[in-house]
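Enquirer: The structure that follows is given in the form of structure tokens.
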Amino acid sequence: MAADYPDIDIAPFIDHALLTPTATPEQVEQWCEQAYRYNFATVCIYPTHVKQAAEFLKGKTPKVCTVIGFPHGATTSAVKLYEAQEAVENGATELDVVLNLGWLKSGKTEEVHQEIAEICEETGQTVKVILETSLLTDAEKKLATELCMDAGAAFIKTSTGLNGGATVADVRLLKELVRESIGIKASGGIRTYEQALDLILAGATRLGTSRGIDLIRQRDNLEKEK
């Protein structure tokens, strides 16, 4: 099966995620070292670990990504903005911001747009907006994507991973909506190398996963079998 896929190096697509509530400084250092060793795009950690990760990765290729309003997106706009600004001050250059789904579903589109636009404008960094696609209708996914694109988001992200994960169908839909204008991050439930390739071929330009090393090892094993 994998032999039919194009030869794609998935490592530069991966945001190496450590988003467990019990993450320790020792684990954060381990994740940073792994991100550097495997040439992952970023290490993605909670805001409390950003300063440590930024110091470890200073001068190295992987960027520091953190989550804002995670995991439900229901904190106030002022709190999200402060959290984002503090994260940037501590060294984060990519921010995965959870959309306020309650606002989206109740038609508060101006509030949704303004919240994302303020974070984009005030931080000046790469903002990826988490839609939580498993909780949205296709019409809501379209509306959310349009609002986020207009607000200045650099990526649309499928999921937190806590309410379902990335699907090829959702990535294809998002690709149709964004064309080539912004990136698409597929996240949640990516467990196999073939699944990662399917998501990339569907249009994902970034993959969020805590299993990046396992995916690379699966690829290497498949290469040995050829």
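A short reminder: the numbers here are calculations on the coordinates, not readings from a lab. Just so it is clear, the structure is predicted and the values come from calculations on it, not from any experiment.
Enquirer: Shape of the chain from its Cα gyration tensor (a ≥ b ≥ c, root eigenvalues): rounded if a/c is under 1.5, otherwise prolate when a/b > b/c, or oblate?
Expert: Cα axes put the chain in the oblate bin.
Enquirer: With θ set to phi - 60° and the Karplus curve 6.51 cos²θ - 1.76 cosθ + 1.60, what are the ³J(HN,Hα) couplings of region 107-118 in order, to the nearest whole Hz, using x for Gly and Pro?
Expert: After applying 6.51 cos²θ - 1.76 cosθ + 1.60, I find x, 7, 5, 5, 5, 4, 4, 5, 4, 5, 4, 5 Hz.
Enquirer: Output ³J(HN,Hα) for region 165-179: one whole-Hz value per residue in order, computed from phi by the Karplus curve 6.51 cos²θ - 1.76 cosθ + 1.60 with θ = phi - 60°, and x for Gly and Pro.
Expert: x, 6, 10, 4, 4, 5, 5, 4, 4, 4, 4, 4, 6, 8, 6
Enquirer: Please list the non-local residues whose amide H lies under 5 Å from the amide H of residue 126, H modeled 1.01 Å from N, same-chain partners needing a gap of 5 or more.
Expert: Hits under the 5 Å cutoff: 95.
Enquirer: Now for a different question. List the residues, sorted by chain then number, that are 5 or more residues from residue 160 or on another chain and whose placed amide H is less than 5 Å from its amide H.
Expert: Under 5 Å from the amide H of residue 160: 132.
Enquirer: Got the relative contact order for the chain handy, in percent, Cα pairs under 8 Å and 6 or more residues apart?
Expert: Worked out over the chain, it gives 17 percent.
Enquirer: From the square roots a ≥ b ≥ c of the eigenvalues of the alpha-carbon gyration tensor of region 99-226, which class results: rounded (a/c under 1.5), prolate (a/b over b/c), or oblate?
Expert: Prolate is the answer for region 99-226, as a/c is 1.5 or above and a/b outweighs b/c.
Enquirer: For a test of understanding, tell me how many lysine pairs in region 98-226 have Cα atoms under 25 Å apart, given they are 8 or more places apart or on different chains.
Expert: Total qualifying Lys-Lys pairs in region 98-226 comes to 26.
Enquirer: Kindly write out, for region 63-74 in residue order, the coupling ³J(HN,Hα) from the Karplus curve 6.51 cos²θ - 1.76 cosθ + 1.60 (θ = phi - 60°), rounded to whole Hz, with x marking Gly and Pro.
Expert: 8, 9, 10, 9, 10, 10, x, 8, x, 9, x, 9
Enquirer: Taking amide H positions as placed in the peptide plane 1.01 Å from N, state which residues far from residue 14 in sequence (5 or more) or on other chains have amide H under 5 Å from it.
Expert: It is 41, 207, by chain and number.
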